[in-house]
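Down below is the structure, laid out as structure tokens.
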Amino acid sequence: MRTKLWGWFKPLVEGLFAALLGFGIGAVLMLLWKYDPVKAYLALFQGAFGDFGSIGKALSCLLSQGIDACKETGVIYGLYELTNTLTNATPLILTGLTFAIGIRAGLFNIGAEGQVYIGAMAAVAASLFSLPPGLHVLVSILFALIAGALWSLPVALLKATRGVHEVISTIMLNWVGRYLAYYLIATALVDPNRAEKSISIAQSARLLPILPGMDLTASLLVSVLFAGIIYWILWQTALGYEIRAVGLNPDASRYGGIRPTRTMIASFVLGGLAAGLAGATQILGRPPTYALYEDLSNVMNLGFDGIAVALIGRNHPLGAIVAAIFMGGLSAGSNQMQIAAQVPLEMVRVVQGAIILTLAIPELLSIFKIFRRKRG
Amino acid sequence: MSESLAIQMLSIQKIYPDGTVALKGVNFDLRRGEIHGLLGENGAGKSTLTKILSGLLRPTEGKIFIRGKLKNFRNPSDALRSGIGMVHQHFALVPTFSALENILLGQEGSSNLSRLQMSKARARVEEMMRAGGFSVPLDARTESLAVGVQQRVEIIKMLYRSVDVLILDEPTAVLTPVEVHDFFKTLRTLRDAGKSIILITHKLKEILDVTDRVTVLRQGQNAGQIATPEATPEILARMMIGHDVLPSIEKKPTQIGSAIMQVSHLRVKDNLGLHSIEDLSFAVHAGEILGIAGVEGNGQTELVEAITGLRPVEHGEISINEKNIAGQNPRQLYQQGLAHVPEDRRRLGMILEFSLSENSILGVHREKRFHGWLGKILWGKVGSHTWDLIKKFSIVASDVKAPAKSLSGGNQQKLVCAREFDKQPSLVVAAQPTRGLDISATQYIRDQLVHLRDEGKAVLLVSADLEEIFQLSDRIAVMYEGKFMGVAKPEELDRERIGLMMGGVSALAAPVGEAAR
Ligand SMILES: Nc1ncnc2c1ncn2[C@@H]1O[C@H](COP(=O)(O)OP(=O)(O)O)[C@@H](O)[C@H]1O
Ligand SMILES: [Mg+2]
């Protein structure tokens with residue numbers, strides 16, 4: 001029993017220390033360049049979560065008086081920062097899952113980036129025809145899931161048949177996906193009135209804000225639900241058992257009658273589903289845009305940020321939720337750092353980098369340990 | 001100390017950090033200009049002794065004299081400076097470098113040689129090769145070279161560093177017979193040029209072919225030294241194996257039944273692509289333990305892997321219960337009654353990070369009895385199954401959710417055996433099942449194997465431990481270079497005979513009689 005509890009507890013303790021270390025390094029850097037770290041971190045926290053007083057007031061108002069009354073008085077906006085952070089976190093949970101599932105199977109799947117583009121486009125494409133509300137949302141999500149999975153298949157097949165390393169093929173497919181998206185947004189999916197974006201998502205296919213005036217939509221629930229499903233697959237099914245076995249020890253897996261190729265394909269496809277879904281949440285459930293920009297700016301880098309999310313979250317689906325919220329907060333708060341504490345953008349980035357790196361280090365070390373053992 | 005000796009090692013003792021006593025006061029001496037064989041079974045301490053001599057390990061106790069002078073090597077460079085170089089079983093070459101680059105690598109200033117220095121170095125290497133009567137393509141990428149050639153690169157690398165004492169750890173293990181012939185010619189040339197050579201091997205024939213003197217080690221102690229012209233295979237085998245009486249286990253005579261597994265004309269390649277098993281045929285019957293003895297590296301691993309679906313079969317048939325199973329994957333084989341206790345339990349037999357529960361279903365994790373709705377694994381059920389195994393095999397474990405790496409080696413192996421024997425197999429393949437285990441775990445697993453045999457199962461036991469082979473086997477086969485040197489009943493064999501066969505002397509192979517069905 002002790003071991004089990006410690007198993008959950010240890011990553012938290014390590015994470016806490018890593019975060020402290022990261023914030024410490026950030027503080028030292030800011031001091032060296034003569035910025036006030038206390039002010040900066042307060043601003044960061046404010047920007048990420050707001051203040052507890054206003055959050056508490058907003059929540060109690062919501063519970064006792066209902067949404068409309070709280071909107072009337074503006075009390076509801078005490079939740080503004082927090083919901084912003086959760087909105088940022090929504091796609092990152094999913095792209096984090098993509099990388100995490102890969103690592104669990106012993107693969108470096110960095111293809112989420114391209115799969116997000118393709119998933120987002122598929123979600124847009126579903127608005128080319130009309131369907132009843134509700135059903136339209138489901139179909140759009142399904143499109144994105146399938147598109148993401150399809151975009152991961154070449155990686156799996158190239159590795160299975162030709163032994164092409166997934167790092168190479170995913171990077172290549174990320175670029176192919178990117179230019180395919182540029183092309184389709186400018187042609188088949190272009191908004192006839194505004195050439196800088198794709199057509200808008202049909203009203204019937206949109207995920208609407210949970211609270212008026214704020215960006216957070218039901219897509220967060222979709223995302224968390226999906227993380228739950230992945231958790232269930234990995235730890236409760238034979239497929240998940242095989243994925244984890246192959247990732248930890250391919251030789252013993254073969255001995256145990258597990259077919260490595262099948263398992264590998266499954267983990268790429270699961271990762272593709274997650275990344276495709278991330279594209280969908282960002283398009284179907286992110287007001288006010290509800291479209292894909294021609295330069296892909298509203299889906300850009302979600303896949304790569306997912307790598308950091310996975311590492312910080314210890315390649316665990318539940319860890320990915322926590323890590324994505326942390327990352328979402330970090331990016332929401334960094335604006336405040338610039339505005340309220342006057343820390344220039346470059347410095348903000350350096351501090352962010354230091355924090356993310358120190359948080360990712362424990363997991364990076366354990367990954368290297370496993371990879372090295374498999375070679376040796 | 002005598003100065004005519006190139007090397008003298010006195011009362012060398014080595015205790016590894018984990019407490020293994022590898023050498024218990026070994027003496028060794030090497031004359032100038034001789035090829036000196038170092039002979040012994042696996043684990044006798046040959047590698048340990050020579051690693052100490054080459055500065056890679058430090059002795060726990062003992063003295064080393066080089067040309068009469070007391071030396072204390074702290075690292076391999078120290079030894080090189082005294083003219084001692086070792087070529088290990090696993091080469092240390094950079095695969096993408098050319099042969100010449102590898103030869104020069106690590107020499108002082110080798111990283112930025114000018115063109116002039118480079119061509120001087122090349123000339124010197126070429127001169128060395130001419131004198132030695134052997135050559136390697138200096139500009140070829142090392143990874144493209146055959147293993148035998150790579151080995152020569154290693155040797156040239158040592159000669160380039162002007163060693164007078166060359167240590168070769170089981171150098172012929174990776175060579176084909178033709179390569180061995182050339183290799184021995186090279187060794188003789190080097191000796192005639194005044195080098196001293198230590199050749200480690202367990203092959204009696206090689207000792208007799210090429211060495212001038214032999215030192216035999218047994219279980220970390222000197223077992224004898226003899227001038228090669230006075231040695232015979234029998235003398236060497238006796239030194240290597242010893243005379244001690246064999247303990248025996250109480251075994252009921254059983255009724256040997258029909259052949260459960262039949263191997264015919266099997267051909268299998270090793271990892272280097274060489275044929276490690278060539279045209280091997282035998283059978284294992286219900287109610288018998290067939291023990292395969294032999295020095296490790298003679299094809300046993302490849303044989304077991306081929307039978308258990310982990311290595312492709314080049315040619316021939318393997319059948320279980322009269323069905324050809326060559327080419328099937330492990331899961332199909334388990335369904336047909338195979339149980340496999342693998343040689344390397346930590347790499348193959350279990351996943352150390354997985355819990356005991358998770359490990360207890362490895363290989364049967366797809367079976368219906370462990371699954372519920374939507375393919376969910378019923379961990380509760382798996383847990384009680386694991387507890388059953390733990391109780392039945394008296395495994396010391398506190399929690400089925402604990403990771404397997406938290407168990408001691410003996411308990412890990414018991415868990416693997418418990419899982420495998422629980423499959424209701426008709427054929428059990430057990431490779432080195434008690435290696436590294438304490439006495440009680442060893443005894444327990446041996447009893448279990450005999451028990452399986454008494455139940456009428458066919459057991460194939462592969463072991464480098466002769467005591468185990470004699471204790472358990474109903475028939476014994478001795479494997480050497482991928483072939484059986486002979487098959488016999490334990491009472492028809494003695495240690496000397498087995499030792500000869502293990503060393504590859506076939507002239508005295510046991511009678512191929514009733515036992516060799
Ligand atoms: N690094 C090590 N740590 C602990 N024990 C070791 C180590 N290397 C070898 N041994 C043990 O020391 C003994 C002698 O091994 P070794 O010198 O490799 O024998 P040989 O080369 O004759 O086969 C064996 O029992 C072996 O298990
Ligand atoms: Mg050795």
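Assuming charge only on the beta carbon of Lys and Arg (+1) and of Asp and Glu (-1), the dipole of region B:5-241 about its Cα centre is about 700 debye to the nearest 20. Applied to region B:351-357, the Karplus parametrisation 6.51 cos²θ - 1.76 cosθ + 1.60 on θ = phi - 60° returns per-residue 3J(HN,Hα) values of 10, 4, 7, 6, 6, 4, 4 Hz, with x for Gly and Pro. Scaling against 2.2 N^0.38 Å puts the C-alpha radius of gyration of chain A at 1.02.
So which lysines can B:Lys120 reach, going by Cα to Cα under 26 Å and dropping same-chain residues fewer than 8 places off? Filter leaves B:Lys157, B:Lys195. Semi-axes of the equivalent ellipsoid of the protein assembly as shown are 62, 36, 26 Å, computed as sqrt(5λ) over the eigenvalues of the C-alpha gyration tensor in descending order.
Over the Cα atoms of region B:375-517, the radius of gyration divided by the Kirkwood radius equals 1.07; this is the Rg/Rh ratio. Region B:121-180 and region A:87-131 have Cα centres separated by 54 Å. For region B:318-389 versus region A:303-324, the inter-centroid distance based on Cα atoms is 32 Å. Please label the shape of region B:122-215 as rounded, prolate or oblate, based on the square roots a ≥ b ≥ c of the eigenvalues of the alpha-carbon gyration tensor (a/c under 1.5 means rounded; beyond that, a/b larger than b/c means prolate, else oblate). Here region B:122-215 falls in the oblate category. This model, with +1 at the C-beta of Lys and Arg and -1 at the C-beta of Asp and Glu, gives the protein assembly as shown a dipole about its Cα centre of some 860 debye. Remark: for residue pairs B:Lys414/B:Lys457; A:Lys159/B:Lys405; B:Lys205/B:Lys251; B:Lys392/B:Lys483; B:Lys51/B:Lys483; B:Lys51/B:Lys414, the C-alpha separation exceeds 28 Å in A:Lys159/B:Lys405; B:Lys205/B:Lys251; B:Lys392/B:Lys483; B:Lys51/B:Lys483; B:Lys51/B:Lys414. Rounded to the nearest 20 debye, the dipole magnitude of chain B is 1340 debye, with +1 charges on Lys and Arg beta carbons, -1 on Asp and Glu beta carbons, and the Cα centre as origin. Take every DSSP beta bridge whose two residues both sit in the protein assembly as shown; close to 60 percent of them are antiparallel.
Against the empirical curve 2.2 N^0.38 Å, the C-alpha radius of gyration of region B:199-244 lands at a ratio of 1.04. Couplings 3J(HN,Hα) for region A:149-155, derived from phi with the Karplus relation 6.51 cos²θ - 1.76 cosθ + 1.60 (θ = phi - 60°), are 5, 4, 5, 8, 4, x, 4 Hz, where x marks Gly and Pro.
Shape index of region B:5-241: Rg/Rh, with Rg the Cα radius of gyration and Rh the Kirkwood radius from the inverse mean 1/r over Cα pairs, equals 0.97. Each Lys or Arg adds one and each Asp or Glu subtracts one; over the other residues with Cβ under 12 Å from the Cβ of B:Gly291, this totals -1. Springs join every pair of Cα atoms under 10 Å in this Gaussian network model of chain A, and among A:Asp36, A:Asp51, A:Asp68 the largest mean-square fluctuation is at A:Asp68.
Taking 19 Å as the straight-line reach from the Cα of B:Lys252, the aspartates and glutamates in range (excluding those fewer than 8 positions away in the same chain) are B:Glu288, B:Asp447, B:Asp454, B:Glu455, B:Glu467, B:Glu468, B:Asp474, B:Glu491, B:Glu492. The coefficient of translational diffusion for chain B, derived via Stokes-Einstein from the alpha carbon Kirkwood radius under 20 °C and 1.002 mPa s, stands at 85 µm²/s.
Residues considered: A:Ala19, A:Ala188, A:Ala122. Largest GNM mean-square fluctuation over chain A, using C-alpha springs under 10 Å, is found at A:Ala188.
Ordering B:Ala44, B:Leu187, B:Gly85 by Cα displacement along the dipole of region B:5-241 toward the positive end leaves B:Gly85 in first place; charges were set at the Cβ atoms of Lys, Arg (+1) and Asp, Glu (-1). Projecting the Cα atoms of A:Tyr117, B:Phe354, A:Ala58 onto the charge dipole of the protein assembly as shown, computed from C-beta unit charges around the Cα centre, puts A:Ala58 farthest toward the positive end.
GNM remark for chain A: springs join alpha carbons under 10 Å apart, and the peak mean-square fluctuation among A:Val13, A:Val350, A:Val269 falls on A:Val13. Seen from B:Leu389, the other residues with C-beta closer than 10 Å to its C-beta sum to a net charge of +2, counting Lys and Arg as +1 and Asp and Glu as -1. So what's the gap between the Cα centers of region A:156-201 and region B:30-62, to the nearest angstrom? That distance is 62 Å. With protein chains left intact and a 1.4 Å probe, residues in chain A average 45 Å² of accessible area per residue.
When cysteine pairs in the protein assembly as shown are screened for C-beta atoms closer than 4.7 angstrom, the residues that find no partner are B:Cys417. Considering only A:Val167, A:Gly78, A:Ile185, and ranking their Cα positions along the charge dipole of chain A that arises from unit charges at the beta-carbon of Lys, Arg, Asp and Glu, the one farthest toward the positive end is A:Val167.
Seen from B:Glu353, the other residues with C-beta closer than 11 Å to its C-beta sum to a net charge of +3, counting Lys and Arg as +1 and Asp and Glu as -1.
The values are calculated or read from the model by the stated rules, or taken from the named source; none is laboratory data. Keep in mind the model is a prediction, meaning the values are calculated, not measured. Cβ sites come from the backbone with ideal geometry, for glycine too, and all protein chains shown count toward neighbours. Quick note on the areas: whole protein, heavy atoms, side chains included, nothing else; ligands and nucleic acids left out. Shrake-Rupley method; radii C 1.70, N 1.55, O 1.52, S 1.80 Å.
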